[in-house]
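Report on the structure given below.
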Amino acid sequence: MIFPRVLDAGEAALVIEFGATVDPAINDQVLALDEAIAALSLPGVHETVPTYRSLMIHYDPLVIDRETLVGTVKTIEAAPQAPRQPSTCWTIPCCYDQEFGEDIGHIAQATGLTPDRVVALHAGASYRAYMYGFAPGFCYLGGLPTELAISRRRTPRPPHPANSILIGGGLALISTFSMPTGWWLVGRTPERMFSPDRTPIFLVEVGDTLRFEPIDRATFDALNARAQAGEIVAKRKLFR
């Protein structure tokens, strides 16, 4: 299969597909194209949606036709591109207490690790924000240690609390709403990844890196109160 592939998604959207796996280099291509299209401010292009391995471009075919849009994409891709570097690293506070990380024991049993080792591996990894999807603010992360690779649940669990930290299928996720899930709960953050009343609404940008900082319950409660008041409690480090 030759990439990138141009796929039609109905009459008013294109999907530019760069690969078939979750890979930082592939995602770099997605984000580079996303940034280049945004910089052009093309008339008729309404929205771009980056994913792990593709970019969806929503456009008005009465303003910009498919051939012109595809030609622009090919021109962008033909130009030399410098390696993309993350602009921001976030440190997200996470409480792994039993109340919040109720599936840590199961994960330990399934992987042959101790519960403390599960927490240490999860908190010691560096993650990449690949995409938002499924529900507003759901932040999908790559970089989960291979030792924590565990299949998702066979059947969904009852609704989990908002701001839960989950893993499953070799990936990690920060949720924003309470709903049933097939993922495993390892902790909870007091931070709000999605807040319509805040600027920015989405805290983390796609392509940023993240780390989780273990906190105890008392610290969680204190930070949660500040987050409820609208404060951003995650730590941010800028690279550029």
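Throughout, read-outs are computed from the coordinates displayed, never taken from laboratory work. Being a predicted model, the structure only gives us computed values, none of them experimental. Cβ: placed from backbone, ideal geometry, glycine included. Neighbour counts: every protein chain shown.
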On Cα atoms only, tilt of 115-124 relative to the major axis of the chain in degrees: 40
Lys/Arg Cβ at +1, Asp/Glu Cβ at -1, dipole of the chain taken about the Cα centre: which of PRO115, ILE16, ILE92 is farthest positive-ward? PRO115
Restricted to the chain, the DSSP antiparallel beta bridge percent, nearest 5, is 85
Provide the packing ranking of 11-18, 199-206, 224-231, i.e. peptides ordered by the mean count of other C-beta atoms within 10 Å per residue, highest first. 11-18, 199-206, 224-231
What number do you get for segment 5-78 when its Cα radius of gyration is normalised by 2.2 N^0.38 Å, N = residues? 1.02
With angles folded into 0 to 90 degrees, how steeply does helix 24-40 sit against the dominant principal axis of the chain? Use alpha carbons for both and round to 10. 50
Taking the convex hull of the alpha-carbon atoms of segment 72-156 and averaging its shadow over every direction gives an area in square nanometres of 8.9
Cα gyration tensor of segment 1-131, axes a ≥ b ≥ c as square roots of the eigenvalues: rounded (a/c below 1.5), prolate (a/b > b/c) or oblate? prolate
Debye sum, Cα scatterers, segment 45-115, no solvent: what log₁₀ I/I(0) at q = 0.13 1/Å? -0.71
For a quick protection proxy, order the peptides 180-190, 139-149 by their average other-Cβ count within 10 Å, most packed first. 180-190, 139-149
Longest principal axis of the chain (C-alpha) makes with the long axis of helix 66-78 (C-alpha) an angle, in degrees to the nearest 10, of 70
So what's the back-of-envelope 222 nm ellipticity for the chain, counting only DSSP H runs of four-plus at -39500 (n - 2.57) apiece and dividing by all residues, rounded to 500? -8000 deg cm²/dmol
Over the Cα atoms of segment 149-240, Rg to Rh with Kirkwood Rh, two decimal places? 0.97
Can you compute the charge dipole magnitude of the chain about its Cα centre, using +1 on each Lys and Arg Cβ and -1 on each Asp and Glu Cβ, nothing else charged? Give it in debye, rounded to the nearest 20. 480
